[in-house]
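Values in this text are rule-based calculations from the coordinates and carry no lab data. Remember, it's a predicted structure, so these values are computed and weren't measured experimentally. Heads up, the Cβs are rebuilt from the backbone with ideal geometry, glycines too, and the neighbour counts pull from every protein chain shown.
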């Protein structure tokens, strides 16, 4: 009998109070019985050894794939449907990707599987899990699980080799950008006719102009099943509905488990979350620079508001700006401020050239000064790096040229230079700055160390020598400042950075080979403290991390789940959040807590919706 789902999420409130029901932890015997039952339904053989149940399959290595009941039941839900699957980090989304791939290949060995992952490092990791031929170093902690003929196609693979890789393998792991390029050339790589199943790993990236969007449109037109995998539900129902629409997924085919699910509790190690609220006493230098920037921000914000009013473009003032104790504008809410730009763009064709110029210039200056304030909030050195990048840019934007000519900017640059925060010596002969430099020399400032660096020093000193730590930073500049500081304090430790590629001023970044090498060394416990940008958040497996530290709060619940999921995979770990007691960071922290609550509410509502099956 065919089951039908009422496709109407509005029948239930997404934001009922979350129920924290305590469910039993199943015994090993019960877990084994459940796993054996579902494996039998999936027509999979199994063997019990050393207290664990392992699946047996011609394309699986022996005694490697543990048959966990939630892995099997979620796989069963995924088959022969388009689906979205949400499962916390460390619980084995990759194993569900493997098992669904095996079962699709069993049904139709003539068709291929395409696994898309957003970054090259993650593609590299997946290929090592799927195929031993990609394990370059036998001491690498990653264990290959299958014997599926697997090929890797990324931007690093020569174009003339890609079609051969596509033709000769049953499973292709690729970056979406590369597949989009190949489809554009009609090279034969990525054709929907060749596929039975496409996996969108880290599916939360499916938005806007990202390559996932184009590929989802292409593949949903073919006779291909689509599956999206990620760690956390969106905190907004509309975002979830967009993902569902992009992959043609019904409410019935959203696959998830609540945190208290008895099948999960036996395997899940809960990370201990610790929040450290940090006091920040601002030095005289910091206060002076902040005063200059806040004065600039208020001046151009008021000009922008006048221009918006004259052009009859309405916006929410309170939602768009942060105010300090003096009721001055001390920062912008980026998401809301970008909406102002969208409204400006909407009405440009109806405005005169002079109005258009004033609106765009003032909007851009407010954005630029706000970025300078954000840099200063992370330390005077970070502000100096930001202003230098603007000053020495070879292709300065018109807004940047105006910013650098402002008398407050000249004063700011002179103060940074006189106090030793400017990296070059070429300002002394700048006639336009001479007056400001002379004035800055008359005042002596003292810059205190970033208080969060002292907290990091304190935390690391309390850990044992065997503890492996990863610290996440929102800014590369703060990361490098922390690197210098921690290497001096802990010269006996191996401290390493991990960051993405870039061509920005004074920041060469790391190429893919360096990233892979650092990731391998981290897995093999050759690094005591790893300092990383967000590049290490998505999917990078590490059995070695004991402690995760987020140096700044992140409002995006999914990103926090991704980052904190680097620990507590095989044992209980700790996650530290460093948050300034007041200001924007405290507001961001409160937003994160609200979103965390919303995610649980949405998950519970989906479970209820799925229960409404006729």
Once you put a point 7 Å from the Cα of residue 310 and another 7 Å from the Cα of residue 428, both along the Cβ direction, what distance in nm separates them? 4.5
Added length on full extension, which subtracts the Cα-Cα distance from 0.36 nm per residue, residue 405 to residue 336: 22.0 nm
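Report the gain in length on full extension from residue 61 to residue 326: 0.36 nm times residue separation, minus Cα-Cα distance, nm rounded to one decimal.
Fully extending the segment from residue 61 to residue 326 adds 88.8 nm.
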Multiplying the sequence separation of residue 207 and residue 47 by 0.36 nm and subtracting their Cα-Cα distance, what value in nm do you get? 53.4 nm
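Return the FRET efficiency for the residue pair residue 163, residue 270: r is the Cβ-Cβ distance, R0 is 45 Å, and the value is rounded to the nearest 0.05. Mind dumping the intermediate values first?
On the way: r = 47 Å, r/R0 = 1.04.
The computed FRET efficiency comes out at 0.45.
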Can you tell me the order of 65-75, 414-424 when each peptide is scored by its average per-residue count of other Cβ atoms within 10 angstrom, highest first? 65-75, 414-424
Which shape class applies to segment 448-503: rounded if a/c is under 1.5, otherwise prolate when a/b exceeds b/c and oblate if not, where a ≥ b ≥ c are the square roots of the Cα gyration tensor eigenvalues? oblate
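Ignoring everything except DSSP H segments at least 4 long, calculate the 222 nm mean residue ellipticity for the chain; use -39,500 (n - 2.57) per segment, divide by total residues, nearest 500. Don't skip to the end; give the middle numbers.
Details: 22 runs with 278 residues, N = 614.
Using -39500 (n - 2.57) per qualifying helix, the result is -14000 deg cm²/dmol.
Taking neighbour counts of Cβ atoms within 10 Å as a proxy for exposure, in what order, fewest first, do 209, 97, 263, 411 appear? The partial results should precede the final answer.
Values: 209 7, 97 25, 263 22, 411 19.
Arranged by neighbour count, lowest to highest, 209, 97, 263, 411 become 209, 411, 263, 97.
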Does a label point 7 Å from the Cα of residue 108, set along Cα-to-beta-carbon, have any residues of segment 173-209 with amide nitrogen under 15 Å, and which are they? 191-199
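Between rounded, prolate and oblate, where does segment 28-268 land on the alpha carbon gyration tensor, with a ≥ b ≥ c its root eigenvalues, rounded for a/c under 1.5, else prolate if a/b exceeds b/c?
Numbers: a/c = 1.75, a/b = 1.26, b/c = 1.39.
Oblate shape, in that a/c is at least 1.5 and b/c is the bigger or equal ratio.
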Which of these values of semi-axes √(5λ) of the Cα gyration tensor in Å was calculated from the structure shown: (1) 35, 31, 26; (2) 46, 28, 25; (3) 48, 34, 23? (2)
For segment 284-441, what are Rg and Dmax over the alpha carbons, in angstrom? 16.5, 50
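I'd like the FRET efficiency for residue 491 and residue 392, computed as 1/(1 + (r/R0)^6) with the beta carbon distance as r and R0 of 35 Å, rounded to 0.05.
Values: r = 32 Å, r/R0 = 0.93.
Once the sixth-power term is evaluated, E becomes 0.60.
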Nearest 0.05, what FRET efficiency do residue 346 and residue 590 give at R0 = 30 Å with Cβ-Cβ as r? 0.45
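Go through 295-306, 33-44 and give me the packing order, highest mean Cβ count within 10 Å leading. Each step should come with its number before you reach the end.
Details: 295-306: 18.5, 33-44: 16.7.
Highest mean packing first, the order is 295-306, 33-44.
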